[in-house]
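The values are calculated or read from the model by the stated rules, or taken from the named source; none is laboratory data. In this text, all values refer to a predicted model and were calculated from it rather than measured experimentally. Cβ placement follows ideal geometry from the backbone for every residue including glycine, while neighbour counts extend to all protein chains displayed.
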Amino acid sequence: MCGIIGIFHKDKAKSLVESALVLLKNRGKDASNIHEISSRDVLGHTLHAVVNHVPQPLQREGLLTANCEIYNWTELSEKYSIKAKNDAEFLIGFLDKFKLDKLEELDGVFAFGYYNDGTLYLARDLFGVKPLWFIHTRDEFAFVSEKKVLEKLWYLDIQELNPRTILKYNLKNKSLEEENRTFVSYLPEHKENHEQLKQETKKLLEEAIAKRIPNQKFGLLFSGGIDSTFIAKYLKENNHEFTCYTAVLNSETIPSDLESAQKVAEELGLNIKIKKISLEDIPAYLTKIVPLIEDSNVVKVGVALTFYLACELAKEDGCKVVFSGLGSEEIFAGYERHKRSGNINQECVSGLLKMYERDLYRDDVITMDNNLELRLPFLDRKLVEFSLKIPEKYKIQDNQTKLILREIALDSGLRKEFAFRKKTAAQYGSRIDNALGKLAKQENLSKSEYLQKFYPAHNVKLAVLFSSGKDSTYAAYIMKKQNYELGCLVTMKSLNPDSYMFHTPAIDIAPLQAEAMGLPIIVKETRGEKEKELEDLKEALKQAKDKFNISGVVTGAVYSTYQRDRIEKVCDSLGLKIFSPLWHKEQIKEMKELLQHKFEIILSSIAADGLDESWLNRLITEKEIEELQILQQKTGFQINGEGGEYESLVLDCPLFMKKIVLEEIHPAMDGKYCGRIIIKKASLQEK
């Protein structure tokens, strides 16, 4: 992995690029170079050489600064008669021939800036393993591997390039063109039998590992779980020299990852090194790590600290490359949300779409800070494309996740105890999350509040897809508590009361709620026609992106795959990150949490047996939740209204600086158990 930078239309551009390369030095210590297109247009590169020592930026017909690992570069060099000493030299020859027309032929991971004849092209690998950030204004353009570099050069409104988007920047007229790339699909499902699927999956897994093995010293980040154990077993059986690295909290209770890692290492004869950290040492690490990953999200930080400690060991050991089992959970269905999903493979695709924001940038900057290149065989594109089409019955059975991977490991001779070890997230298996809880408690803070001390800047600026109801409001509150900035609300006003996508009762109160929150709001009218309403949503979100510089969207989706997947596709096409913090949250848990956080909620519409007119405009308290539970037992009623049983309206919550008062309302009943409230007059009142 390397560091790349480009600055355009800027006085003293060379000086700025030189400063950037100093900030990027940990991304590549083998070389650091600059290429001036003009005095105001400059490319830069720091080299982390793994295959030969070829400094960049490279110049042939075009100019290239790249962070790449192309595993099939020798085959493609021969196919297209491109002379090259390594993958970067091949890449510039490839781009000179084809520009970005044959990008899908590249097997590997990459992020690059390629300049040719007045146009700059920016692209990443489809999953976003290699990072790339950019800034575009009327007068300037810049790109870089790490966001913090542009921040330190005083650029504002920095965006992460969505991996499914290619940028084409015209230096002459300063215009920017976007081109969307097709993502992987879970359809059509494979028709082969179980045994054939296992054999093909195993073959692709082994090829994915083999192509990533370097000539230099390398290691494996090791937890003793099935993912890292499978990689370790393959490497050991094929006589590769490597070391396993494990990091845990030094505590009286033995961390589960430590216990498992040591057992597997003994069973397979692995060389393992373990780093234990004391509670007292953690704050000093957080001071470095939280700004490094540019995020104070509790889960991200817990994983990051565990990951960083193991990488430190690998660095001290002289490794150049480390392997990780990241990605297995998403392609083989390893999370709780996969168990609860109505379409497991569709849920896998949804998770893959989010990995660049959730996991990959964090892991990239951590490994690079330790002068390591990260290799991720479970995100091999051929393996991913094949695995997503494996019938879900071979992934989850009887509450057992990642079944086909475990069966392959078992068939390969791994003991059942290790092949079927229960999934434990890194921050829990290492007990690092427990340590963060103790440190926060010492200061009478929540974990999120405690971590904000180390990164007071907001994580990502978000638009809230806002319906006026409890789910969208609660989702916004959760993201705000996790130190995400709420930039605006986006409300879709459907003319179709039976919209497939959007909440309609009491939607006219949304602007008043926005005022209560002190947030701007975009209200977009839609005819509510199936699928066509998505174009209206896209237009509204594009307006939010252009006007308020949002980088992502938060939704209140809980169980509706229909809604969430369509919103995700719209967001991804706009290069926006997507957050659904309530996804698959237990219904009763959500309702009780709303009361705990002092949400005042009424029902604005009803459409289910047992909900008569007396429920309209009724404040939800513990008593109402108990009544809803009784209805659930009788009729299968969904307590949170996810099945359309009711719609809600939030009158007050911690996000509101003032509360909503309904001064004049009228019920409008269509039947004994179906109706809504008509709000004639409402206002804000001091709290």
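At pLDDT 95 or above and surrounded by fewer than 16 Cβ atoms within 10 Å (Cβ to Cβ): is that true of K288 in this structure?
So K288 fits the description; yes.
Would you point out which residue out of T526, T473 is in contact with a Leu (Cβ under 9 Å, 6 or more places away or on another chain), of a type outside the set (D, E), surrounded by 21 or more Cβ atoms within 10 Å (Cβ to Cβ) and closer than 20 Å to I677 by Cα?
Criteria check complete, one pass: T473.
Please verify whether region 244-261 includes one or more residues that are of a type in the set (S, T, N, Q), within 25 Å of N459 (Cα to Cα) and surrounded by fewer than 24 Cβ atoms within 10 Å (Cβ to Cβ).
Within region 244-261, not a single residue is of a type in the set (S, T, N, Q), within 25 Å of N459 (Cα to Cα) and surrounded by fewer than 24 Cβ atoms within 10 Å (Cβ to Cβ).
Taking the criterion of being farther than 30 Å from K99 by Cβ and either free of Cβ contacts under 8 Å to residues at least 12 places away in the same chain or β-branched (V, I, T) (or both), would at least one residue in region 169-191 satisfy it?
Scanning region 169-191, I find at least one residue that is farther than 30 Å from K99 by Cβ and either free of Cβ contacts under 8 Å to residues at least 12 places away in the same chain or β-branched (V, I, T) (or both), so the answer is yes.
Go through V570, V558 for me and flag whichever is assigned to a loop (DSSP other than H, G, I, E, B), aliphatic (A, V, I, L, M) and either surrounded by fewer than 18 Cβ atoms within 10 Å (Cβ to Cβ) or out of contact with any strand residue (DSSP E or B) (no Cβ under 8 Å at 6 or more places or on another chain) (or both).
V558
Pairs only if they're at least six apart or on different chains, beta carbon under 8 angstrom, first in region 450-467 and without any contact (Cβ under 8 Å) to a residue 40 or more places away in the chain, second buried (at least 16 other Cβ atoms within 10 Å of the Cβ) and among the hydrophobic types (A, V, I, L, M, F, W, C); list them, first residue then second.
That search, which allows pairs on different chains as well, returns Y450/L436; Y450/L439; Y450/A440.
Out of L451, L462, report the one residue that is over 25 Å from K542 (Cβ atoms) and under 21 Å from the mean Cα position of the chain (by Cα).
Going through L451, L462 in turn, the sole match is L451.
Yes or no, residue by residue, for (1) of a type outside the set (S, T, Y); (2) under 20 Å from D471 (Cα atoms); (3) surrounded by 15 or more Cβ atoms within 10 Å (Cβ to Cβ):
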position	(1), (2), (3)
W615	yes, yes, yes
E626	yes, yes, no
Q633	yes, no, no
V650	yes, yes, yes
P654	yes, yes, no
M657	yes, yes, no
S683	no, no, no
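Based on what the data block shows, is S580 of a type in the set (S, T, N, Q) and crowded, with 19+ Cβ neighbours inside 10 Å?
It is true that S580 is of a type in the set (S, T, N, Q) and crowded, with 19+ Cβ neighbours inside 10 Å.
Check off (1) of a type in the set (A, V, I, L, M); (2) under 18 Å from S604 (Cα atoms); (3) surrounded by fewer than 17 Cβ atoms within 10 Å (Cβ to Cβ) for A506 and give me the number that stays unchecked.
Answer for A506: the failing condition is (3).
Is region 480-497 home to any residue that is surrounded by fewer than 23 Cβ atoms within 10 Å (Cβ to Cβ) and assigned to a helix (DSSP H, G or I)?
Yes: one or more hits.
Filter region 338-358 for residues that are of a type outside the set (S, T, Y) and closer than 23 Å to S296 by Cα and give the result.
G351, L352, L353, K354, M355, E357, R358
Criterion first (within 22 Å of I404 (Cβ to Cβ), touching a residue at least 12 places away in the same chain (Cβ under 8 Å) and surrounded by fewer than 19 Cβ atoms within 10 Å (Cβ to Cβ)) does K211 satisfy it?
Yes; evaluated as a whole, the condition is true for this residue.
State all residues of region 573-598 that are in contact with an Asp or Glu (Cβ under 7 Å, 6 or more places away or on another chain) and over 28 Å from M355 (Cα atoms); if no residue qualifies, say none.
The one that is in contact with an Asp or Glu (Cβ under 7 Å, 6 or more places away or on another chain) and over 28 Å from M355 (Cα atoms): L595.
Could you pull out the residue among I639, I606, I588, I602 that is at pLDDT below 95, touching a strand residue (DSSP E or B) at 6+ places or on another chain (Cβ under 9 Å) and over 23 Å from A463 (Cα atoms)?
When all the criteria are applied, what remains is I606.
Please indicate, with yes or no, whether at least one residue in region 375-384 is farther than 24 Å from K422 by Cβ, surrounded by fewer than 24 Cβ atoms within 10 Å (Cβ to Cβ), within 18 Å of the chain's Cα centre (by Cα) and charged (D, E, K, R).
yes
Rundown of residues vs (1) touching a Ser or Thr at 6+ places or on another chain (Cβ under 9 Å); (2) surrounded by 15 or more Cβ atoms within 10 Å (Cβ to Cβ), yes/no style:
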site	(1), (2)
A409	yes, yes
G413	no, no
F420	no, yes
K423	yes, yes
Q427	yes, yes
R431	yes, yes
A435	yes, yes
E443	no, no
K453	yes, yes
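Counting only residues that are modelled with pLDDT under 95 and surrounded by fewer than 20 Cβ atoms within 10 Å (Cβ to Cβ), which one in region 40-58 is nearest to A20 (Cα to Cα)?
Filtering first and then ranking leaves P55.
Within region 152-206, restricting attention to residues that are on the phi > 0 side of the Ramachandran plot and over 23 Å from the mean Cα position of the chain (by Cα), which residue is surrounded by the fewest Cβ atoms within 10 Å (Cβ to Cβ)?
Going through the qualifying residues, I end up with W154.
Please tell me if L595 is of a type in the set (A, V, I, L, M), closer than 21 Å to L655 by Cα, assigned by TED's automatic domain parsing to the domain that holds Y673 and loosely packed, with under 14 Cβ neighbours inside 10 Å.
Spelling it out, it is not the case that L595 is of a type in the set (A, V, I, L, M), closer than 21 Å to L655 by Cα, assigned by TED's automatic domain parsing to the domain that holds Y673 and loosely packed, with under 14 Cβ neighbours inside 10 Å.
Considering only region 123-148, how many residues are surrounded by fewer than 24 Cβ atoms within 10 Å (Cβ to Cβ), among the aliphatic types (A, V, I, L, M) and more than 14 Å from Y356 (Cβ to Cβ)?
So the answer is 1.
Let me spell it out: the conditions are (1) in contact with a Cys (Cβ under 9 Å, 6 or more places away or on another chain); (2) surrounded by fewer than 16 Cβ atoms within 10 Å (Cβ to Cβ), and E600 meets all of them except one. Which number is the exception?
Evaluating E600 over (1) in contact with a Cys (Cβ under 9 Å, 6 or more places away or on another chain); (2) surrounded by fewer than 16 Cβ atoms within 10 Å (Cβ to Cβ) leaves (2) as the failure.
Which of the strands (runs of 3 or more DSSP E) found entirely inside region 110-184 contain at least 3 residues meeting this: over 23 Å from A457 (Cβ atoms) and either outside the structural domain of F90 (by TED's automatic domain parsing) or out of contact with any helix residue (DSSP H, G or I) (no Cβ under 7 Å at 6 or more places or on another chain) (or both)?
119-124, 165-170, 175-180
Name the residues in region 269-287 that are over 20 Å from Y428 (Cα atoms) and in contact (Cβ under 8 Å) with a residue 60 or more places away in the chain, would you?
Listed by number, the list holds a single entry, T287.
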